[in-house]
Each structure stands twice: as structure tokens, then as C-alpha cells.
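The values are calculated or read from the model by the stated rules, or taken from the named source; none is laboratory data. Keep in mind it's a predicted model, so treat the numbers as computed, not measured. Here the Cβ positions follow ideal geometry from the backbone for every residue, glycine too, while neighbour counts run over all protein chains shown. Side chains included, ligands, DNA and RNA excluded: accessible areas come from the protein's heavy atoms. Shrake-Rupley method; radii C 1.70, N 1.55, O 1.52, S 1.80 Å.
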Amino acid sequence: MKHSGILVVNAGSSSLKVKLFPSRDAVLVERIGGESRLASSFGATSERPVARHDEALHLVLEVLEERLPEGGIAAVGHRVVHGGMRFSAPVVIDDPVVRIVEELATLAPLHNPANLEGIRAARALLPDVKHVAVFDTAFHATMPPRAFLFGLPIEQYRAHRIRRYGFHGPSHDFVTRRAAEVLGRPRSELKLVSLHLGNGASAAAVDGGRSVDTSMGFTPLDGLLMGTRSGALDPGVLLHLLRGGMSVDELDAMLNRESGLLGLSGVSNDMRDVRAAAERGHEDARAALEVFAYRIAKTVGAYAAAMGGLDGIVFTGGIGENDARIRSESLRSLEFLGARLDEVRNAEHAKRISSDTSSVAVLVVPTDEERMIARATAELAGLALEGVGALQEETA
Ligand code: ADP
């Protein structure tokens, strides 16, 4: 049998990230429509200008051509940010699915239209293979109403679908499966909190393998402090600012791009820079780190209450995987729950960083969202793919 590959496509508003499985060759095109640049994990680069996503994908396929497995590309998996209430699992993309994703753009105006550009480009260039959409929101479709309803008039939910959806689903799903493997127990028996801490940051309460609450909400703005996003905020602040004359666009820019670690510290959205400034004695940087860790601690505490117990805490994302100090600062106040770190293991970024006496296991698990997307795609396309594996393997 000829081996074939799966392409995972993550299309942003001006970028296109593509990863080929099982080789994991990665290609990134940035600044589509501007001074575009292509970079790859295998050294190929290009500065050929590309105006649109279809041109970018065309260029990516050219660059990947020599590296494709003998059987070519057998399926394409697409990351789609918002699946609304319609999609609670990955789906094979056909015209009706495209129309629904288009409609859902009202819920995710920054993300879904860009994801659709990627889908259209890939379906046009690779018309003979299956395309699969994997939604950021889908893993959280198991949340009960008490977790997803906001305290607004119920019509806002019924007629306008305003509720908590949650994001980073493939990542929370992946790292909690892995955590169960590391602990040698089925995920169905575990109460886990996963903390995806990157530029975007979110927590999820995963009880028996099902997401029962998560910190991001209707949009990815809610919850933890992030690189440039505010996280949770009294909605009265927004009214106050709007009444004070701030425009909706200014408010949007402030909440999404000028807040978070960057806004509070005034230094940077990058944790490493904020940490370095705090160490030099920069007071605002120090406060930003404290807010960052405090919100994690109080969310873990809340989720232990939501699940009525806690077996494990999983750190992932650029910060969660690499910043031992944040891990220890955010867990310091959680000893009463039985979560105790072993500081040596923590400093070494070991797989299991809790002490032997800790009743709550604390783990560091590198996330792999693309692999989750590749697996779901292989499964829906009916492919047995080496290096991607079947989804059931790690399903508890
Ligand atoms: P994204 O959400 O864009 O995928 P990442 O998961 O790559 O982001 O996380 C980016 C964050 O991870 C940045 O704040 C960066 O400072 C932080 N980070 C990366 N490496 C380290 C490190 N060694 N120590 C502390 N923070 C790190």
C-alpha cells in the first residue's frame, strides 16, 4: 500500500499555517496581502508576494511537493474556530457545512471568515480528497447549561445563541488524554483541570473526559489574563467606557490587543519580557505576573468545586510548558486542595512535577493541536495513518 499524508490547515486573517502528517513538515505564510513571507521547518523560504489565501496555499503545496509521501495527500483537516451550537464533533466538509460555517461568522467575525478562506482555497486546489473541519468549540459542547448560560434574559440565548462556548478544544482534549496516559488511568475516571497558557490562555474542567466548564466564553476574551487580551472583566466597565465616548472599534482594540500582560505591565505581551522586567524591579510587570498567576489559582479552585474533586492539573502552551515560576506561583495557594509541587521536577519541566505526597497530580504536557486535527481527519476520512494513530487509542 502506498503511504499517503494528511495536511492540517490553520488559516488566520493574514496567515496560513500548514502541517503535513505524518512527517510533521510545517510551512507558515505570513502577511498575506502585504509583504508576504514563507518559512518552513525544513529550511525552504520564499518572499514571493501572495495576495490571497489560495495563492498562499498554492505556494505551500509547491514547496511541499518534493516532500509528499508516495500516495500524495489523502485528506485535509481544517481548524475552524467557531462551531456554534451546530457542531459538537469534527465533520466532513461539504457545501452545506460551508454555509453553516459562513453563518457562524457572526459569532466569530475575526476567525471564521479566515478559516473559510483556507477551506475554499484547499477544496479548490485539492478537490478529490476529503476535507474535515475540526472546531475549537466542539470539545466544550458537553458543558451543562449551568456552566454555559450567562445571567442575561433567556431570549439572548434562545434567539441569539449568546452563551459560553469555550475555545482551545483540541488542546484541552489532547493534553487531558495524554495526562490520563501518564497517570496510567482511564480519563473517564479522572477529574482534571487543564491550563492552556500561551498568547491566548484558557482553563478547562474536564470531568471523566468531558469538558464541564471553561474560562473562555462567547468569544476568546473571557477568563484568564492573556498576552494582549483582558480576560474576565466587569461588563459595567464596557458601558462606562462607551458612555465616555470610546468607540466600539477602540474598545475592541483595547480589549483584544492592548490589555492583558501587555496592558498591565506596559512592557510586553511576551511572558519572558514581562518576567525579565519584573526581575529588574518593574512594579507594573510584577503586578501583571501576580494577576496572571492569581487568576489561574482561583480558576483551578473554582473548577475543583465545579467537579467536586480534583485528580490532576495539566499545564500546556508556551507559558505552561516553559515557565516553571508561573506554575509554582499559581499553585502556591492550592496546597489546601492537596496540590504540592516538587520544585526540582518543576524546574526541570518534568512530565510529572507534583511531589510524591501530593494527592493532586500536576503534569506538564506539550500540546499538539495539529496532531489532534490530523487524527480526527484520518478517522473521518477512513484512513489508517502511521504516526497519527487512531483516536480511540487514547480515548478513555
Ligand atoms: P500561541 O498562543 O500564540 O500559540 P504560545 O503557546 O507559543 O502562543 O505561547 C506564547 C507565550 O509563551 C509567550 O508569552 C512566551 O513568552 C511564552 N514562552 C515561550 N517560551 C517561554 C519560556 N522559555 N519561558 C517563559 N515563557 C515562555
Worksheet item: What single numbered condition from (1) in a helix (DSSP H, G or I); (2) closer than 21 Å to ILE313 by Cα fails to hold for ASN199?
Response: (1)
Discussion item. Going through SER359, SER328 one at a time, which residue ends up being polar (S, T, N, Q), surrounded by fewer than 21 Cβ atoms within 10 Å (Cβ to Cβ) and within 16 Å of the ligand (Cβ to nearest atom)?
Written reply: SER328
Practice prompt. Using the structure shown, decide if ARG146 is closer than 17 Å to ALA302 by Cα and part of a helix (DSSP H, G or I).
Written response: yes
Worksheet entry | Count of segment 142-151 residues which are open to solvent by 10 Å² or more (accessible area, probe 1.4 Å) and in contact with a Lys or Arg (Cβ under 9 Å, 6 or more places away or on another chain) | 6
Worksheet, complete the sentence: Only one of (1) open to solvent by 10 Å² or more (accessible area, probe 1.4 Å); (2) more than 26 Å from ALA350 (Cβ to Cβ) does not apply to TYR165, and that is (1)
Worksheet entry | Test for GLU66: is it part of a helix (DSSP H, G or I), more than 30 Å from GLN156 (Cα to Cα) and at pLDDT below 95 | yes
Discussion item. Given the criterion open to solvent by less than 70 Å² (accessible area, probe 1.4 Å), modelled with pLDDT of 95 or more and not in a helix (DSSP H, G or I), identify the matching residue among VAL98, VAL134.
Written reply: VAL134
Item to complete: Identify all residues within segment 290-325 that are within 11 Å of the ligand (Cβ to nearest atom), open to solvent by 10 Å² or more (accessible area, probe 1.4 Å) and among the small types (Gly, Ala, Ser); write none if there are none.
Response: GLY318, ALA324
Worksheet, complete the sentence: Going through segment 253-297 in order, the residues found to be modelled with pLDDT under 95 and over 23 Å from the mean Cα position of the chain (by Cα) are none
Worksheet item: Here are some residues: GLU103, GLU70, GLU65. Which one is under 24 Å from the mean Cα position of the chain (by Cα) and open to solvent by 30 Å² or more (accessible area, probe 1.4 Å)?
Response: GLU103
Worksheet, complete the sentence: Residue pairs within 9 Å by beta carbon, gap of at least six or interchain, first lying in segment 350-366 and in contact (Cβ under 8 Å) with a residue 40 or more places away in the chain, second among the aromatic types (Phe, Trp, Tyr) and not in a loop (DSSP other than H, G, I, E, B), listed first then second, are VAL362/PHE315; LEU363/PHE315; VAL364/PHE315; VAL365/PHE174; VAL365/PHE315
Response to the item:
GLY223 vs (1) at negative phi; (2) in contact with a strand residue (DSSP E or B) (Cβ under 9 Å, 6 or more places away or on another chain); (3) touching a residue at least 60 places away in the same chain (Cβ under 8 Å): all pass except (1)
Discussion item. Going by what's in this entry, would HIS78 be described as modelled with pLDDT of 95 or more and surrounded by 22 or more Cβ atoms within 10 Å (Cβ to Cβ)?
Written reply: yes
Discussion item. Restricting to segment 180-202, name every residue that is within 14 Å of the ligand (Cβ to nearest atom) and crowded, with 24+ Cβ neighbours inside 10 Å.
Written reply: SER194, LEU195, HIS196, LEU197, ALA201, SER202
Practice prompt. Would you mind stating whether LEU238 is open to solvent by less than 70 Å² (accessible area, probe 1.4 Å) and more than 14 Å from the ligand (Cβ to nearest atom)?
Written response: yes
Worksheet item: Does any residue in segment 270-289 that is in contact (Cβ under 8 Å) with a residue 40 or more places away in the chain and under 17 Å from GLY231 (Cα atoms) come within less than 7 Å, Cβ to Cβ, of a residue that is part of a helix (DSSP H, G or I) and more than 13 Å from the ligand (Cβ to nearest atom) six or more places away or on a different chain, and which pairs are these?
Response: ALA288/LEU264
Response to the item:
Flagged in segment 1-19 as farther than 14 Å from ALA39 by Cα and part of a strand (DSSP E or B), in numbering order, are GLY5, ILE6, LEU7, VAL8, VAL9, ASN10, ALA11
Worksheet item: Which condition number does GLU379 fail, the rest of (1) in contact with a strand residue (DSSP E or B) (Cβ under 9 Å, 6 or more places away or on another chain); (2) modelled with pLDDT of 95 or more being met?
Response: (2)
Discussion item. Condition first: open to solvent by 40 Å² or more (accessible area, probe 1.4 Å) and among the polar types (S, T, N, Q). Now tell me which residues in segment 19-45 satisfy that.
Written reply: SER23, SER41, THR45
Response to the item:
Note: among ALA339, ALA350, just one is open to solvent by less than 20 Å² (accessible area, probe 1.4 Å) and part of a loop (DSSP other than H, G, I, E, B), namely ALA339
Response to the item:
Checked segment 245-289 for anything surrounded by fewer than 19 Cβ atoms within 10 Å (Cβ to Cβ), within 12 Å of the ligand (Cβ to nearest atom) and of a type in the set (Gly, Ala, Ser); matches are SER268, ALA276
